[in-house]
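Working notes for the structure below.
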Amino acid sequence: MYVNPVYDISNYYKVFAKYNEIMKLKVLSDDHMNKYVEENKCEKDEYIKLIKNPEKCPKDTPTRKTGLLSSEPCNPEVIDEELTKINSEIEELEKVASNDT
């Protein structure tokens, strides 16, 4: 496989840093969701509705920073959407790197 040395590698590092951050959030949120569903004997849909309501959200729910002093609960559905978007960006970067475009 020929690798094109001219492509911008900094984009590659930025995308993979974001990928690693999202994967950490995914593991934390999925683990919390599974434990909550098991302990409270509810469905995943009920958990998602609970996460969307900040007043009823469990205190031990993983959060992500949204600003300098603000954060929001990690919603597994949103994280999955972001992960699909990042995976498509990684595929595009790999195409550019291997000169398959």
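Qualifying trypsin sites (Lys or Arg not before Pro) in the stretch 2-92, where qualification requires a DSSP coil assignment and no more than 11 other C-beta atoms within 10 Å, comprise Lys41, Lys56, Lys59.
Its DSSP H runs of at least 4 residues, each contributing -39,500 (n - 2.57), put the calculated 222 nm mean residue ellipticity of the chain at -22000 deg cm²/dmol, to the nearest 500.
Using 0.36 nm per residue and subtracting the Cα-Cα separation, the extra length available between Glu82 and Ser98 on full extension is 3.3 nm. Estimated at 0.36 nm per residue, the fully extended path between Tyr12 and Asn53 surpasses their Cα-Cα distance by 11.2 nm.
Qualifying GluC sites (Glu not before Pro) in the stretch 45-101, where qualification requires a DSSP coil assignment and no more than 14 other C-beta atoms within 10 Å, comprise Glu55.
Computed over neighbours whose Cβ is under 13 Å from that of His32, the net charge equals +1, Lys and Arg +1, Asp and Glu -1.
Relative contact order of the chain, taken over Cα pairs closer than 8 Å and 6 or more residues apart, is 42 percent.
None of the figures in this text is laboratory data; all of them are computed from the coordinates on show. The shown structure was predicted, so the numbers you read here are calculated from the model rather than taken from an experiment. A quick note on method: Cβ atoms are made from the backbone with ideal geometry, for glycine too, and the neighbour counts reach across all protein chains shown.
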